[in-house]
Amino acid sequence: MFGSKRHVPTPTPDTAHFWEGTRNGELRLQRCKECKETYFPPRPFCPACHSRDVEVFASSGKATLYSYVIAERPAPGFETPYSIAVVELEEGPRMMTNIVDCPQTPEALELDMALEVKFEELTDEITVPLFKPEGGQA
Amino acid sequence: MNYTGTAIVGAAESTEMGKIADLTMLGINLDAGINAIKDAGLTPADIDGVACAGVSPVEVSWALGIVPKWLDGTIVGGCSFMLHVRHAAAAIAAGHCSTVLITHGESGRSRVGFLGFGGAGRFSNYTDQFEAPYGIWGPPTTFTIPALRWMKNYGITEEQLAMVAVVQREWAAMHPRASYRDPITVDDVLNSKIIAYPFRKLMCCLVTDGGGALVLTSADRAKDFPNKPVYVIGTGESSETPMVSQMDDFNYSRAFRTSGALAFAEAGITTDDVDHLMTYDAFAHTPLFALEALGFTGQGEAAAFVAERNTAPGGKLPMNTNGGGLSYMHSGMYGMYALQESVRQLRGISPSQVDGVEISVAHGVGGMFAAAGTTIMTNREP
């Protein structure tokens, strides 16, 4: 399950738009054109009303810190301590990520703090969305 | 109080527990299965239904010389066995089979013939893409993620979280088979190594080898067996999400609420009627989420309830009286051990026996708040 490097996801047809987005500096979500539900992770139908009339759009990339842990044992490709977080996007959905560009301490990682997306290229194909404090260092 | 028409007439754990170097995952299932069939005073020819999780019910039936009329290989994580009890009760009521063997066994520590926890050797496509890239390396980094949100929302302290481990160690001290039996303090817990903040090592479950099995049949036959019957009176099951990050709300488990409500409604009882509770403790916050979701306390009140010793020896709601996954054992899918301790308490034979237990609830979680199963049992004659 784990190699020596950071885990690189394998896109599937229903998620291709998401990974194309991150490669192009966009955090893409989906929205149902019938019931207006905004959702993540990607599915070719609306999880609320099952309509297949859904669209892809770029989110604002803004989020707040919903919850996290600070791992003290490393996964491959990570140096401890590092945060594994769930953020709540401005548009509503939540996603797992890492909070970067700030100390990995309970004091620095305050729940509900404002965050913005930052993209990290893992391979030519895969760029993952991470989050940093809003207005923090680039 | 209602009865499902099904009773547990055989119950046993694996012969050895903790470290079992010479048995595979299948082997531990079989060892526990043989022990439970013997406990019921039966032979393989008497069993006509088989359920298990992580190994195939085909394999278990074949190896034990059983000709099954009913098979259930439902695997939704550690609560799978609560689901098996529910499915078996329905199958027995429908006449699909008469006597069901449910087995569990895992080589969680020694990893003999290891197939991966829960039999899953790889991430699902969604977990692979939307959780695995962020450095998760197992339950200590995922099951734990909701806790800080819930703690902040209700003002729950790390000391209160630590008390879950302290109290359960007190119960474990009475069990000769428990992995850890020496008393611990809140300071011991908080000073143990941080695994994934805010969780310390002593707030995380063990990793051991072991198994357990149950034999169920129709309640009207239950008195014909050598041991005191345990009647199944309420059952529930549900699921929420394969990814912890996609839970509805980190302040509660929707699957716990749904499963618990189904079981209490079927049994026709309330939490006030419950004498004994087993609730899956993979981590210190898990039983607290169960206390709240099942309605034993109000939302956000479970941590104080445990810290005030209500679930400790002598408390009004004895909980996790084997010491739980934190101190007794945890092979990967702990639910079977919760059921075993409920049965022991209802038979009156637990090393930590509580006086006057007539109704016991065993509640399990599967995955990282992914699924839930609830079994309510009594020793009162129908």
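Go through the residues of segment A:60-73 one by one and say whether even a single one is surrounded by fewer than 21 Cβ atoms within 10 Å (Cβ to Cβ) and at pLDDT below 95.
Yes; the residues of segment A:60-73 include at least one that is surrounded by fewer than 21 Cβ atoms within 10 Å (Cβ to Cβ) and at pLDDT below 95.
Which pairs have Cβ atoms under 6 Å, sit 6 or more apart or on different chains, and link a residue in segment B:248-275 that is within 23 Å of B:Gly300 (Cβ to Cβ) to one that is in a loop (DSSP other than H, G, I, E, B)?
Once the first residue is within 23 Å of B:Gly300 (Cβ to Cβ) and sits in segment B:248-275, its partners that are in a loop (DSSP other than H, G, I, E, B) give B:Phe250/B:Pro146; B:Ser253/B:Phe369; B:Arg254/B:Glu240; B:Arg254/B:Asp248; B:Ala255/B:Glu240; B:Gly260/B:Leu294; B:Thr271/B:Gly295; B:Thr271/B:Phe296.
Could you list, in sequence order, all residues of segment A:38-50 that are within 14 Å of chain B (Cβ to nearest Cβ) and either part of a loop (DSSP other than H, G, I, E, B) or in contact (Cβ under 8 Å) with a residue 60 or more places away in the chain (or both)?
Hits for segment A:38-50 are A:Phe40, A:Pro41, A:Pro42, A:Arg43, A:Pro44, A:Pro47, A:Ala48.
Scan segment B:42-58 and report the pairs whose first residue is over 17 Å from B:Val9 (Cα atoms) and whose second residue is among the aliphatic types (A, V, I, L, M) and in a helix (DSSP H, G or I), with Cβ atoms within less than 8 Å and a gap of 6+ or a chain change.
B:Cys52/B:Val60; B:Gly54/B:Met25; B:Val55/B:Met25; B:Val55/B:Leu26
Please find, within segment A:77-120, the residue that is nearest to A:Pro42 (Cα to Cα) out of those that are among the acidic types (Asp, Glu), within 12 Å of chain B (Cβ to nearest Cβ) and part of a strand (DSSP E or B).
A:Glu88
Report the residue count in segment B:198-213 for those that are surrounded by 23 or more Cβ atoms within 10 Å (Cβ to Cβ), touching an Asp or Glu at 6+ places or on another chain (Cβ under 9 Å) and part of a strand (DSSP E or B).
5
Which condition breaks for A:Val56 when tested against (1) modelled with pLDDT of 95 or more; (2) within 13 Å of chain B (Cβ to nearest Cβ); (3) touching a His at 6+ places or on another chain (Cβ under 9 Å)?
Unmet condition: (2).
For segment B:171-180, which positions are open to solvent by 50 Å² or more (accessible area, probe 1.4 Å) and either more than 20 Å from B:Pro139 (Cβ to Cβ) or free of Cβ contacts under 8 Å to residues at least 12 places away in the same chain (or both)?
B:Met174, B:Pro176, B:Arg177
Could you list all residues from segment A:74-91 that are open to solvent by less than 40 Å² (accessible area, probe 1.4 Å) and farther than 16 Å from B:Gly138 by Cβ?
Matches in segment A:74-91: A:Ser83, A:Ala85, A:Val86, A:Val87, A:Leu89.
Taking the criterion of being of a type in the set (D, E, K, R) and more than 19 Å from A:Val117 (Cα to Cα), would at least one residue in segment A:18-30 satisfy it?
No, segment A:18-30 contains no residue that is of a type in the set (D, E, K, R) and more than 19 Å from A:Val117 (Cα to Cα).
Under 9 Å between Cβ atoms, which residue pairs at least 6 apart in sequence (or on different chains) link something in segment A:94-116 that is farther than 17 Å from B:Pro146 by Cβ with a partner that is hydroxyl-bearing (Ser, Thr, Tyr) and in a loop (DSSP other than H, G, I, E, B)?
A:Gln104/A:Thr80; A:Glu116/A:Ser60
Would you please name the residue that is nearest to the chain's Cα centre (by Cα), looking only at residues in segment B:334-382 that are open to solvent by 10 Å² or more (accessible area, probe 1.4 Å) and under 17 Å from B:Ser253 (Cα atoms)?
B:Gly367
Looking at B:Ala173, B:Ala196, B:Ala222, B:Ala213 in this structure, which one is closer than 30 Å to B:Tyr3 by Cα and touching a Pro at 6+ places or on another chain (Cβ under 9 Å)?
Values: B:Ala173 fails: closer than 30 Å to B:Tyr3 by Cα; B:Ala196 fails: closer than 30 Å to B:Tyr3 by Cα; B:Ala213 fails: touching a Pro at 6+ places or on another chain (Cβ under 9 Å).
B:Ala222 is the lone residue from the list that is closer than 30 Å to B:Tyr3 by Cα and touching a Pro at 6+ places or on another chain (Cβ under 9 Å).
Would you pick out the residues in segment A:121-138 that are at the interface with another protein chain (Cβ under 10 Å from one of its Cβ atoms) and part of a strand (DSSP E or B)? Before you say what the answer is, go through the steps one by one.
We begin by selecting, within segment A:121-138, every residue at the interface with another protein chain (Cβ under 10 Å from one of its Cβ atoms); these are A:122, A:126, A:128-130.
Within segment A:121-138, A:Val128, A:Pro129, A:Leu130 meet the criteria.
Just for segment A:5-29: of the residues that are in contact with a Lys or Arg (Cβ under 7 Å, 6 or more places away or on another chain) and more than 9 Å from chain B (Cβ to nearest Cβ), which one is most open to solvent (accessible area, probe 1.4 Å)?
That would be A:His17.
Name the single residue that is nearest to the chain's Cα centre (by Cα) among those in segment B:50-64 being open to solvent by 50 Å² or more (accessible area, probe 1.4 Å) and over 23 Å from B:Gly95 (Cβ atoms).
Per the stated criteria, the residue is B:Glu59.
Tally the residues that are open to solvent by less than 20 Å² (accessible area, probe 1.4 Å) and not in a loop (DSSP other than H, G, I, E, B), restricting the search to segment B:244-263.
As a first pass, look at segment B:244-263 and keep what is open to solvent by less than 20 Å² (accessible area, probe 1.4 Å): B:244-245, B:247, B:250-251, B:253, B:255-256, B:259-260, B:263.
Adding the requirement that they be not in a loop (DSSP other than H, G, I, E, B) leaves B:244-245, B:255-256, B:259-260, B:263.
Count: 7.
For segment B:264-289, which positions are under 26 Å from B:Val207 (Cα atoms) and part of a loop (DSSP other than H, G, I, E, B)? Before you say what the answer is, go through the steps one by one.
The first filter runs over segment B:264-289 and keeps only residues under 26 Å from B:Val207 (Cα atoms), leaving B:276-289.
Of everything in segment B:264-289, those that are under 26 Å from B:Val207 (Cα atoms) and part of a loop (DSSP other than H, G, I, E, B) turn out to be B:Tyr280, B:Asp281, B:Ala282, B:Ala284, B:His285.
Pairs, please: C-beta under 8 Å, at least 6 apart or cross-chain, first residue over 24 Å from B:Asp224 (Cβ atoms) and in segment B:4-31, second assigned to a loop (DSSP other than H, G, I, E, B) and among the aromatic types (Phe, Trp, Tyr)?
Close Cβ pairs (under 8 Å, with a partner that is assigned to a loop (DSSP other than H, G, I, E, B) and among the aromatic types (Phe, Trp, Tyr)) amount to B:Met25/B:Phe114.
Quick one: would you say B:Thr279 is within 30 Å of B:Met25 (Cβ to Cβ), crowded, with 24+ Cβ neighbours inside 10 Å and of a type in the set (S, T, N, Q)?
Working: within 30 Å of B:Met25 (Cβ to Cβ): yes; crowded, with 24+ Cβ neighbours inside 10 Å: yes; of a type in the set (S, T, N, Q): yes.
So B:Thr279 passes the test.
Restricted to segment B:181-193, and to residues that are open to solvent by 40 Å² or more (accessible area, probe 1.4 Å) and under 21 Å from A:Tyr68 (Cα atoms), which residue is farthest from the other protein chains (Cβ to nearest Cβ)?
Across segment B:181-193, the extreme among qualifying residues is B:Asn191.
With the condition being at the interface with another protein chain (Cβ under 7 Å from one of its Cβ atoms), I'd like the helices (runs of 4 or more DSSP H) fully within segment B:122-180 carrying at least 3 qualifying residues.
Per the criteria, B:125-130, B:147-154.
Looking only at segment B:152-164, decide whether some residue is in contact with a strand residue (DSSP E or B) (Cβ under 6 Å, 6 or more places away or on another chain), modelled with pLDDT of 95 or more and either among the basic types (Lys, Arg) or buried (at least 24 other Cβ atoms within 10 Å of the Cβ) (or both).
Checking segment B:152-164: not a single residue is in contact with a strand residue (DSSP E or B) (Cβ under 6 Å, 6 or more places away or on another chain), modelled with pLDDT of 95 or more and either among the basic types (Lys, Arg) or buried (at least 24 other Cβ atoms within 10 Å of the Cβ) (or both).
For segment B:129-146, state whether one or more residues are modelled with pLDDT of 95 or more, farther than 29 Å from B:Ile75 by Cα and not basic (Lys, Arg).
Checked against the condition, which is being modelled with pLDDT of 95 or more, farther than 29 Å from B:Ile75 by Cα and not basic (Lys, Arg), segment B:129-146 yields no hits at all.
The values are calculated or read from the model by the stated rules, or taken from the named source; none is laboratory data. Please read these numbers as outputs of a predicted model, since none were measured by experiment. Cβ coordinates were reconstructed from backbone atoms using ideal geometry, including for glycine residues, and neighbour counts include every protein chain displayed. Just the protein is used for accessible areas: all its heavy atoms, side chains included, with ligands, DNA and RNA removed. Shrake-Rupley method; radii C 1.70, N 1.55, O 1.52, S 1.80 Å.
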